[in-house]
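The values are calculated or read from the model by the stated rules, or taken from the named source; none is laboratory data. Please read these numbers as outputs of a predicted model, since none were measured by experiment. Positions of Cβ are backbone-derived with ideal geometry, glycine not excepted, and every protein chain shown enters the neighbour counts. Just so you know, the surface numbers come from the protein's heavy atoms only, side chains and all, with ligands and any DNA or RNA stripped out. Shrake-Rupley method; radii C 1.70, N 1.55, O 1.52, S 1.80 Å.
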Amino acid sequence: MTSKPPTHPVDTLQEHEDEVNRLKEDLGDDNEVNLQLPRLDIARRDLVKASALGAAAGLTGLSGCLDLLNDENGTDRDRTNGNGVPDHHVPPGELDDYYAFLSGGHSGDIRVYGIPSMRQLMRIPVFNTESARGYGFDDKTKAMLEETGGYTWGDTHHPRVSQTNNDYDGEYVFINDKAHGRMARINLKYFEVDAIIDIPNQEGTHGACGRLPDMDLVYGVGEFRAPVPNDGRDLDDPAAYASTFTAIDRESFNIEWQVMVDGNLDNTDSGKNGRWAFASCYNSEEGVTEPEMTRDDLDWVSCIDTLAVEDAIEAGDYEMLNGVRVVDGRQDSPLNAGDNPVVRYVPCPTNPHGVSVTPDGQYAIASGKLDPTCTIIDIDLLDEVDDPADAVVGQPELGLGPLHTAYDGRGHAYTTLFVDSQVVKWDIEAAVEAEPGSDAPVIEKIDVHYNPGHLIASESYTADPEGDWLLVLNKLSQDRFLPVGPIFPENDQLIYIGDDEAGMQLVKDTPTYPEPHDATIVSADKIDPMPIYDPEDVDAEFIRPEDAEIIREDGRVHIKMHSTRNQFSFPDITVTEGDEVTFTVTNTETQQDIIHSLAIPNYDVQLALAPQDTREATFIADEPGVHWMYCAYFCSALHLEMRSRLLVEPA
Ligand code: RUQ
Ligand code: CUA
Ligand code: CA
């Protein structure tokens with residue numbers, strides 16, 4: 001029952017003509033429509049017109065054809081106007097060069113932007129519910145949220161796109177939930193969450209990344225120290241708390257192992273060759289109050305030797321806690337005594353925050369936050385030095401409040417300065433050569449508005465960043481936008497970094513709903529989403545028009561139906577008060593972008609159905625009366641008429 005969307009503009013036009021004619025026939029108009037477009041030689045303008053005509057008649061679906069004619073997609077477009085001035089304009093009808101995936105913070109979602117236009121293309125609900133996409137309203141997504149804690153929100157921070165051979169493979173986005181210690185996986189085939197795991201033995205899953213080069217493991221790190229397991233023991237004994245570093249299998253999404261560490265874990269990144277993972281620790285003091293957590297001049301970066309961890313597991317040197325193999329990586333663990341410690345604690349001033357690995361895999365750079373420096377760790381030295389402090393090979397002074405660092409692939413690092421409200425561009429090798437505390441490696445600084453937390457450059461997390469755009473996620477936006485009350489939008493700013501001579505150029509302010517904490521920018525040609533569903537990928541029964549039926553059995557009613565322009569299978573459905581009602585609904589459309597929904601007022605049901613998708617909703621019919629079920633997606637001229645009655649008879 002799967003049928004592919006039309007792939008040729010002419011076929012699509014023919015289909016439109018036919019459908020317009022059918023519709024006109026239905027309406028008693030017998031003047032034939034002829035869209036009169038020359039075969040194989042279609043001007044784009046005409047296609048757009050034809051699309052508008054189709055839309056007026058309630059028929060759409062030409063966007064795929066426009067793609068065929070728009071060969072400017074991809075990242076080869078010259079983004080300067082010849083004078084080195086960046087051109088971030090993406091005219092109507094043209095597509096962006098990059099996807100950006102931004103976290104939504106305590107909105108619990110992920111936002112998809114086009115770069116460089118900064119247009120918001122989509123929001124992907126993850127830990128929140130979202131009626132527009134029916135997420136958390138159908139049985140499957142409801143159960144997924146229910147089984148991972150039943151919370152209605154989360155705090156997404158660090159979206160990472162899956163990689164193969166140190167390059168984005170466009171398959172998944174992994175995203176943490178700092179609030180509830182969860183990790184989710186978004187499948188980029190459909191731009192929707194396909195797995196969530198509630199991580200045991202870990203509170204406040206903050207940093208996230210995956211083991212490179214192939215992201216066979218996804219890492220989530222625990223920011224909040226707590227008793228392990230957190231079951232009521234050691235309530236007020238902070239010395240007995242711990243943080244864990246968690247490794248999750250990319251495909252099965254089961255937890256492979258955890259490492260218990262001293263201090264806490266904040267942000268994380270992976271070395272490029274799979275062995276080392278890095279996590280910043282701002283609470284080496286193991287305090288529970290701010291004065292305690294900022295007491296010492298030095299904290300550290302926890303460098304986890306993931307191969308040594310796996311050796312320890314192989315040798316049986318682990319404890320089973322809540323069903324997870326936990327390796328002891330604390331400083332006094334016997335596993336850290338020999339030549340092959342599982343965790344090396346590299347000292348770093350003070351309360352470091354972001355940590356990220358350079359594209360060449362040579363250095364892990366931790367941003368000082370309360371110290372004006374970044375700390376550069378030479379990854380190869382971790383294996384060689386006796387004292388982990390000797391792996392530090394540079395400590396440039398950058399400015400006040402360094403938080404996160406991104407890369408352009410030309411040897412430069414870009415670090416946000418939260419307190420200075422600036423981004424600083426600096427030379428990595430120059431910083432390795434310079435004396436610690438020298439500001440000589442600084443190339444330039446640019447003001448941003450205001451207080452930048454996070455930043456990311458195009459393809460910065462790969463071995464080969466593009467080095468053209470830098471996205472800076474600012475916390476404050478006062479005076480940049482029309483006031484909208486005391487809760488301000490935030491301000492995501494786009495900076496062109498593709499011209500080292502001209503320097504960094506701020507090109508765009510973009511108000512953002514609170515509140516992104518990180519992003520990943522991926523070349524558009526590395527992501528290839530499905531235009532419609534493949535029913536093979538949907539684990540619910542596909543209901544063709546002729547399959548429609550209502551099955552009644554012991555107080556249960558199962559309604560199997562389809563939806564298409566402009567009706568559901570049944571004009572009305574009668575059930576009895578108290579029945580357990582299940583709807584299985586397929587959108588049998590084959591044209592892309594024709595989405596229907598099944599909204600059932602008074603029962604809190606709103607299923608969003610893309611073409612060839614099937615969703616299910618189950619509820620107890622406990623409110624007698626007439627309930628008008630309708631399609632909430634404006635799908636055609638007869639969209640308002642696309643409704644039917646749920647009649648609930650009093651018991
Ligand atoms: S981190 S505190 Cu997840 Cu810079 Cu936002
Ligand atoms: Cu289908 Cu509106
Ligand atoms: Ca500290």
The ³J(HN,Hα) series, computed from each phi in region 449-461 with the Karplus coefficients 6.51, -1.76 and 1.60 at θ = phi - 60°, rounded to the nearest Hz and given as x for glycine or proline, is 10, 10, 6, x, x, 10, 8, 8, 10, 4, 6, 4, 7
Probe 1.4 Å, heavy atoms of protein chains only: per residue, the accessible area of region 98-214 in Å² is 29 Å²
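Would you work out the charge dipole size for the chain about its Cα centre, treating the Cβ of every Lys and Arg as +1 and the Cβ of every Asp and Glu as -1, and quote it to the nearest 20 debye? Spell out each step's value before the answer.
Numbers: 46 positive and 122 negative charges, 379 e Å.
That gives the chain a dipole magnitude of about 1820 debye.
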With x for Gly and Pro, the residue-by-residue ³J(HN,Hα) of region 589-603, computed from phi through the Karplus equation 6.51 cos²θ - 1.76 cosθ + 1.60 at θ = phi - 60° and given in whole Hz, is 4, 10, 8, 5, 6, 9, 9, 10, 9, 10, 9, 10, x, 6, 10
Where a ≥ b ≥ c are root eigenvalues of the Cα gyration tensor, a/c under 1.5 meaning rounded, otherwise prolate if a/b exceeds b/c and oblate otherwise, the chain counts as oblate
The answer for GluC sites (Glu not before Pro) in region 313-404 that fall in a DSSP coil and have at most 15 neighbouring Cβ atoms within 10 Å is Glu384
Residues whose built amide H sits under 5 Å from the amide H of Asn264, excluding neighbours closer than 5 in sequence, are Tyr282, Asn283, Ser284
Interchain or sequence-distant (5+) residues whose placed amide H lies within less than 5 Å of the amide H of Gly394 are Ile376
To the nearest 20 debye, region 199-359 has a Cα-centred charge dipole, built from +1 on Lys and Arg Cβ and -1 on Asp and Glu Cβ, of 420 debye
In whole Hz, the Karplus estimates of ³J(HN,Hα) for region 296-301 (6.51, -1.76, 1.60; θ = phi - 60°; x where Gly or Pro) are 8, 6, 10, 10, 7, 10
Restricting to aspartates and glutamates and to Cα separations under 15 Å from Lys178, and discarding same-chain partners fewer than 8 apart, the set is Asp109, Asp155, Asp198, Glu203, Glu223, Asp266, Glu515, Asp518
Expressed as a percent, the accessible surface of the chain that is carbon or sulfur, using a 1.4 Å probe and the full set of protein chains, is 47 percent
What helix-only [θ] at 222 nm does the chain give? Using -39500 (n - 2.57) per DSSP H run of at least 4, over all residues, to the nearest 500, the answer is -3000 deg cm²/dmol
Regression test value, accessible area per residue of region 580-651, probe 1.4 Å, units Å², expected 39 Å²
Dividing the mean separation of Cα pairs under 8 Å (6+ apart) by the residue count of the chain yields a relative contact order in percent of 10 percent
